[in-house]
Amino acid sequence: MIKLVHRESHTTTKKYKGMKNTFKILLLGLLAVFFQFCEPDDIIDKNKPAPSVSFAFDTLYVDLNKIDNPPLVAFVKSYVGLTNVSLKIKTVNSTYIEYKTYDEFFNDKAFSLSEGITFNATHKSLVVIATDKAGKTTESELPLKITQLKSPPKITFSVDSIVYNELVGGEIPYTVYDVESDAGLTSVEMFFATADGQVPYDGEPAQLTGNPKTYNFSKHIEYTPAHKGFIVKATDVYGQVGIQTLPFKYIEVPAPVIVLQNDTVITDNEGNYNVVASVTAQGGIATVEIIKYLNTGAGVYTEVIDTKDLNAAVVNHQVNYNVNLSKATAAVVVKATNRIGKETSARITTVVGMRFAPAVKIGGHRYNLGLAGVPDVYPLLSLKDMKTYSMDYYTASKANTGNIDIKMYVNYSTTEPWPISIVGNGNGVTTHDNMFKDSKNIIMSDVPADQKIDNDTRFRVLTNFDFDNATSASINAIDPTTITELKARVTELNTVIAFKTAANSTSGGGRVGLMKEIGRIPVTPPPGYGAYVPQYTVSVYAIKFPKP
């Protein structure tokens, strides 16, 4: 029995110890849960150090001329946690500008502050104040090094304007200017001001090295009447631009003015002609000359037949001079020079001993019967009458056929107007007779030989020939035996052609003359003929034809 009781007591003690261990475990768990749900801030160790503030730079360099200044970067740390961080701007007057306060933190024990600030010249430093949960405060100051605003480059000319008067003369004054820049120059550019805009000055450009703060310019510039001013554009290192314009006025003296009583003289015979003209020159007339242009066939030469030296004593002069005209006289020219050397010439064209038609309009074969809206234009030319005729005129009588010297054909593929002989094809040359029809569809070659006179006019295209100064004497000097072609291929405007009339021409046989195409008039063709536009072009010819 005793042995049994002893075993039961041992078992009871063992159970008690197990319950005690279990209680300890539960107590430790409760304490763990308690501490887990207690906020760390609820337990503040006031013995911890105050917050610390550090900056990314020892000094923040700010340039007010730039828009991309560096931001403020600060690092704030706290052992117990931050309540707020304040940012202030200290001015040069030691006053403070409240800029911003931060009171929300992702991590209140470590805060990175980054702030872009717009500065001005009164700012001296940035102040960051950090306060922690223990009520401790730290203030840290970051000095500012501010580059003040720089003015744009300043350009100063030595004078307010430049005026040049041709009557006064002399040299145009030097152009002088200075450029000053607080920041330093990167370029100096120069332009002329004109009525059409700016034109770059073609002188030596400014050579700048090391961003100088000054630039000086002094040069003699060749201004012209087209220039209205001189523009200088200076740029500094910040891209700021200064522009100034020096006004320029060119007082130009006009060339003399000559008014002729007549600009053309046409006479059958050689003899005297009275040249009458009035000359006016602002500032005075220096000289007036009378000059003859002569051409005998060997080339044009001049002869000064009178000179009046007026020494700029008068501004008006009347010319009244008797000039002898010959068949070699191409023109008489009045030439006036003013006191500063400007000249004016006025030409009197002289036509002595020849017929002159200044502008005869000739159509191609599309004008056989004429064309509505284009009066008096036909393809057949009479040198006797200096006018054109229709195909109906040509087929009306034999006498009429003899009055026609030239027919005009416009080549479809090349659009060239070709003067062509009236005779039919020959020597491999096509004269296009089949293109010339009257209102009864009778073509030129179908007219019976005994009812027509085919004028065998011949041509020669001249190169580098001075038509304007051609005279009766120079035209008669052309060798007729060199004029042999049945057609003249006019490849371009202003082509000069020598022609020789047929033996039976009503204008006289074997005579030599000149014709020059001086213009082409485009004409809209009738409906349905749009593909033939070039063939409706009207040619304009000037004709010189010495009299026998």
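The values are calculated or read from the model by the stated rules, or taken from the named source; none is laboratory data. Because the structure is a prediction, the values reported are computed rather than measured. Ideal geometry is used to build each Cβ from the backbone, glycine not excepted, and the neighbour counts take in all protein chains shown.
A few remarks follow.
Yes/no matrix, rows are residues, columns are (1) assigned by TED's automatic domain parsing to the domain that holds Ala477; (2) over 42 Å from the mean Cα position of the chain (by Cα); (3) among the polar types (S, T, N, Q); (4) under 21 Å from Thr471 (Cβ atoms):
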| residue | (1), (2), (3), (4) |
| --- | --- |
| Val276 | no, yes, no, no |
| Gln282 | no, no, yes, no |
| Tyr293 | no, no, no, yes |
| Gly299 | no, no, no, yes |
| Thr302 | no, no, yes, yes |
| Thr307 | no, yes, yes, no |
| Asn311 | no, yes, yes, no |
| Ser326 | no, yes, yes, yes |
| Thr329 | no, yes, yes, yes |
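- Some residue of region 461-482 being free of Cβ contacts under 8 Å to residues at least 24 places away in the same chain and within 26 Å of Tyr394 (Cβ to Cβ): no
- For Gln282, the conditions (1) surrounded by 15 or more Cβ atoms within 10 Å (Cβ to Cβ); (2) polar (S, T, N, Q); (3) not in a loop (DSSP other than H, G, I, E, B) all hold with the exception of (3).
- Residue within region 454-462 that is over 29 Å from Val352 (Cα atoms) and outside any loop (DSSP other than H, G, I, E, B) present: no
- Filter result (in contact with a Lys or Arg (Cβ under 6 Å, 6 or more places away or on another chain) and β-branched (Val, Ile, Thr)) within region 342-384: Val352, Val377
- Looking across region 488-504 at every residue that is at pLDDT below 95 and surrounded by 21 or more Cβ atoms within 10 Å (Cβ to Cβ), the one that is nearest to the chain's Cα centre (by Cα) is identified as Val490.
- In region 502-538, the qualifying residues are those that are polar (S, T, N, Q), part of a loop (DSSP other than H, G, I, E, B) and touching a Phe, Trp or Tyr at 6+ places or on another chain (Cβ under 9 Å), and the one that is nearest to Val360 (Cα to Cα) is Ser507.
- Matching residues in region 448-466 - criterion: being under 44 Å from the mean Cα position of the chain (by Cα) and either crowded, with 18+ Cβ neighbours inside 10 Å or not hydrophobic (A, V, I, L, M, F, W, C) (or both): Arg460, Leu462, Thr463, Asn464, Asp466
- Whenever a residue of region 351-375 is within 30 Å of Val333 (Cα to Cα) and in contact (Cβ under 8 Å) with a residue 40 or more places away in the chain, its partners that are charged (D, E, K, R) and assigned to a strand (DSSP E or B), lying with C-beta atoms within less than 8 angstrom and at least six residues away or across chains, give the pairs Val351/Lys544; Met354/Lys544; Arg355/Lys544; Phe356/Lys544; Val360/Lys387.
- When the residues of region 451-471 are filtered to those that are of a type in the set (S, T, N, Q) and touching an Asp or Glu at 6+ places or on another chain (Cβ under 8 Å), the one that is nearest to Asn504 (Cα to Cα) is Asn455.
- Residue among Ala183, Ala193, Ala134 that is surrounded by 14 or more Cβ atoms within 10 Å (Cβ to Cβ), under 30 Å from Asp58 (Cα atoms) and outside the structural domain of Thr118 (by TED's automatic domain parsing): Ala183
- The one condition from (1) more than 30 Å from Ser413 (Cα to Cα); (2) at pLDDT 95 or above that Phe467 does not meet is (1).
- Region 111-131 - residue that is among the hydrophobic types (A, V, I, L, M, F, W, C) and under 55 Å from the mean Cα position of the chain (by Cα) and, of those, surrounded by the most Cβ atoms within 10 Å (Cβ to Cβ): Ile117
- Residue in region 154-180 that is surrounded by the most Cβ atoms within 10 Å (Cβ to Cβ), counting only those that are aromatic (Phe, Trp, Tyr) and more than 23 Å from Pro256 (Cα to Cα): Tyr177
- Some residue of region 310-325 being free of Cβ contacts under 8 Å to residues at least 24 places away in the same chain and surrounded by fewer than 18 Cβ atoms within 10 Å (Cβ to Cβ): no
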